[in-house]
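Undergrad: What follows is a single structure, and I will ask about it in a moment.
Where a number appears in this text, it was derived from the coordinates with a stated rule and is not lab data. Treat the numbers as computed from the prediction; the structure is a model and nothing was measured. Every residue, glycine among them, receives a Cβ derived from its backbone with ideal geometry; neighbour counts consider all protein chains shown.
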Amino acid sequence: MYGEMRYRTLNFELKKKFGEKVVKLSIDGGFTCPNRDGTIATSGCIFCSEMGSGEFAGKRELSITRQIEDQKSMLSKKWKSNKYIAYFGSFTNTYATVEELRRKYYEALECEGVIGIAVATRADCISEEVLELFREINEKYFLWVEIGLQSVKEASAKYIRRGYDLQVFHETYSKLKELNIRTVVHIILGIPGEDKEDMMKTVDCVSKLKPWGVKLHLLHVIRNTDLEKAYIQEGFPLFEKEEYVITVCDSLERLNGNIVIHRITGDGRKSDLVGPLWSLDKLRVISEINMEMKRRNSLQGDRS
Ligand code: SF4
């Protein structure tokens, strides 16, 4: 067991390391994305919203320090904590000069109580200079880097318009691993055209890589995205809750037990979500996953 849980949650892992609850503060670093500004493409990943997948982040027009203060005060009603991770999660958070990145990362790291940063980016957007900056930060602070693999199936990568091939992911992943930089790999469950076997292939591939962490996302259809248009035109099926719960439990059993599970469902805003609507009751989804793992009497990694 991982505390009281049957999988290694981020909360469990951070509490074990820092001796108390560590709160994640979502920051908008003011970046854009090469998959949207025309460098690679203009329309972005098919599921990406106009917020660059950073729906719950602070306001980009505010300084990083101010966003951190705002988030701290907002989240203090929910959790009592003195330790924070500043999470750069909107758009591509390495898409700037290394000087700008250094300034923004350190601005966050110098805020009171911030013990580290998390940086979400693309596998084709981490230069040697950025790797060097990560190496330096990783020596002094807690750092993790998130990259969106989503699927190992090339047809799916094309469908979602990821914008780089699998080889690029593997090369970047290896460089991060060589530098002992904690890496979190994103997987999307439910990409149109994928069956259960396809999804489990991605899960097995990621498990073998043994990244520090994994995020399992439920495919969400968000309003005003190209995925919404495709959903209306193609009418592809979305996950039913029961089927999703089973798929997540199968994934957890197949993921190596040392991998930290950062997410097991989606996190869409009610006003923007087209479907699946059952995912709005996030606590219920998580509870049903926990109950199914208990019913199976299984633990993360049992089938890895
Ligand atoms: S890489 Fe991220 S920000 Fe860029 S288009 Fe894809 S989801 Fe959106």
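Undergrad: Please enumerate the residues belonging to segment 78-126 that are of a type in the set (S, T, N, Q) and more than 16 Å from the ligand (Cβ to nearest atom).
TA: 81, 82, 97
Undergrad: To continue, here is another question. Of the residues in segment 84-121, how many are surrounded by 18 or more Cβ atoms within 10 Å (Cβ to Cβ) and in a strand (DSSP E or B)?
TA: Of the residues in segment 84-121, 12 are surrounded by 18 or more Cβ atoms within 10 Å (Cβ to Cβ) and in a strand (DSSP E or B).
Undergrad: Let me ask something additional. Looking only at segment 11-49, which residues are touching a helix residue (DSSP H, G or I) at 6+ places or on another chain (Cβ under 8 Å), under 30 Å from residue 112 (Cα atoms), in a loop (DSSP other than H, G, I, E, B) and not small (Gly, Ala, Ser)?
TA: 21, 28
Undergrad: Further question on the same structure: Give me a count of the residues in segment 234-256 that are of a type in the set (Gly, Ala, Ser) and surrounded by fewer than 16 Cβ atoms within 10 Å (Cβ to Cβ).
TA: Total satisfying the criteria: 1.
Undergrad: Here are 149, 143: which of them is more than 16 Å from the ligand (Cβ to nearest atom), within 17 Å of residue 176 (Cβ to Cβ), buried (at least 18 other Cβ atoms within 10 Å of the Cβ) and in contact (Cβ under 8 Å) with a residue 12 or more places away in the chain?
TA: 143
Undergrad: May I ask you to verify whether residue 135 is surrounded by fewer than 23 Cβ atoms within 10 Å (Cβ to Cβ), within 12 Å of the ligand (Cβ to nearest atom) and not small (Gly, Ala, Ser)?
TA: Against the criterion (surrounded by fewer than 23 Cβ atoms within 10 Å (Cβ to Cβ), within 12 Å of the ligand (Cβ to nearest atom) and not small (Gly, Ala, Ser)), residue 135 does not qualify.
Undergrad: Out of 177, 196, which single residue is more than 29 Å from residue 236 (Cβ to Cβ), surrounded by fewer than 22 Cβ atoms within 10 Å (Cβ to Cβ) and away from the ligand (no atom under 15 Å from the Cβ)?
TA: That would be 177, the only listed residue that is more than 29 Å from residue 236 (Cβ to Cβ), surrounded by fewer than 22 Cβ atoms within 10 Å (Cβ to Cβ) and away from the ligand (no atom under 15 Å from the Cβ).
Undergrad: Here is a follow-up. Here are 241, 282: which of them is more than 18 Å from residue 9 (Cβ to Cβ) and among the charged types (D, E, K, R)?
TA: Every option except 241 fails the conditions.
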